[in-house]
Amino acid sequence: MENIVNIKNEALKNGLIWGIVNIVLFLVTWYVAPSLMSSYWYAGISLLIGLAFAIFFCIDMRKKVGGYWTFGEALWPIFVTFVLAMGLVFVFNILFGKYIDTTYPEQMKEMVMTKSEATMKSFGLGEEESAKALEKTRENLDQQFTPTFSQAVMGFGISAIMYFIGAVIFALIFKRNNPNPFANQNG
């Protein structure tokens, strides 16, 4: 397959754009309406924006390599785009909480704990069950918002695996084989 553009550079550019958009969305939400950060609305909007970017970038990269790419040709650039965007946001969030706005981790933990407690009450959980679940939630939040170096590395690794699975799914969806049987022959 003859590449019309350098797909590696396109994947890096797309991941950078997507990561920056996510960071801007995060910053705007944090400084304009921080209470939204722990809401289902924010999660839903972030998910829809992420899906829109993923679909757009997959279609765009496929066009830029001539309109056709096999699963194998699609997988790597899609994964690079996904993991770079995730990696930028991951690192930014850690740095944001440590150096830019040190109140961020504690405020997020409190917002999530309040939301979790309300959810448990709405499900009718007893005091003892709620207390156990909230303690486990607090431990998870500590690892999420103030991770040690090893927790951050493990978190990044687990996220990368999840994004790889997503890239596999997108590569399967957006692969398109060239119908010309002679397209890959030199001659």
message: Explain nothing, just compute: Karplus ³J(HN,Hα) = 6.51 cos²θ - 1.76 cosθ + 1.60, θ = phi - 60°, for every residue of the stretch 117-129 in order, whole Hz, x for Gly and Pro.
response: 5, 5, 5, 5, 5, 5, 7, x, 5, x, 4, 5, 5
- request: With everything on Cα atoms, drop me the angle between helix 40-64 and the longest principal axis of the chain, reported from 0 to 90° to the nearest 10.
  value: 10
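As a check on your grasp of the helix formula, calculate [θ] at 222 nm for the chain: sum -39500 (n - 2.57) over DSSP H runs of n ≥ 4, divide by the residue count, round to the nearest 500.
Values: 6 runs with 140 residues, N = 187.
When only DSSP H runs of four or more count, the value is -26500 deg cm²/dmol.
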message: Can you compute the modelled spin-label distance between GLU127 and SER46, with each label point 7 Å from Cα toward Cβ, in nm?
response: 3.4
- request: Using all C-alpha to C-alpha distances in the chain, build P(r) with 5 Å bins and read off the rounded percent in each one.
  value: 1, 7, 13, 16, 15, 13, 11, 8, 6, 4, 3, 2, 1, 0, 0, 0
query: How much length, in nm to one decimal, is gained on full extension between THR148 and VAL5, taken as 0.36 nm per residue of separation minus their Cα-Cα distance?
result: 47.4 nm
- line: In debye to the nearest 20, the charge dipole size for the stretch 1-138, taken about the Cα centre with +1 at each Lys and Arg Cβ and -1 at each Asp and Glu Cβ, equals 320
task: Rank by packing, highest mean first: peptides 44-53, 107-116, with packing defined as the count of other Cβ atoms within 10 Å averaged across residues.
output: 107-116, 44-53
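Translational diffusion coefficient, Stokes-Einstein: compute it for the stretch 1-84 using the Kirkwood radius over C-alpha pairs as Rh, at 4 °C and 1.567 mPa s, and state it as an integer in µm² s⁻¹. It would help to have the intermediate numbers written out before the result.
Values: Rh = 13.9 Å.
Rounded to a whole number, D works out at 93 µm²/s.
What length, rounded to one decimal in nm, is gained on full extension from ALA33 through to ARG138, with 0.36 nm per residue of separation minus their alpha-carbon distance?
Values: separation 105, 0.36 × 105 = 37.80 nm, distance 2.29 nm.
Computed gain between ALA33 and ARG138 is 35.5 nm.
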- prompt: Which value, in Å², gives the accessible area per residue of the chain when a 1.4 Å probe is used on the protein heavy atoms?
  reply: 62
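Quick one, what does Rg over Rh come out to for the stretch 22-71 if you take C-alpha atoms and the Kirkwood Rh?
Working: Rg = 15.3 Å, Rh = 12.7 Å.
Using Cα coordinates only, the ratio equals 1.21.
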query: Just the accessible area for THR102, please: 1.4 Å probe, Å², rounded to the nearest 10?
result: 90
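If you rank ILE23, ILE165 by how much accessible surface each has, with a 1.4 Å probe, what is the order from largest down? Each step should come with its number before you reach the end.
Values: ILE23 30, ILE165 85 Å².
Largest to smallest exposure gives the sequence ILE165, ILE23.
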task: Mind checking which of PHE71, PHE90, SER130 is farthest towards the positive end of the chain's charge dipole, using Cβ charges of +1 (Lys, Arg) and -1 (Asp, Glu) about the Cα centre?
output: PHE71
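The values are calculated or read from the model by the stated rules, or taken from the named source; none is laboratory data. Values in this document were obtained by computation on a predicted structure and should not be read as measured data. Note: ideal-geometry Cβ built from the backbone for every residue, glycine included; neighbour counts use all protein chains shown. These accessible areas exclude ligands, DNA and RNA; they are computed on the full protein's heavy atoms, side chains included. Shrake-Rupley method; radii C 1.70, N 1.55, O 1.52, S 1.80 Å.
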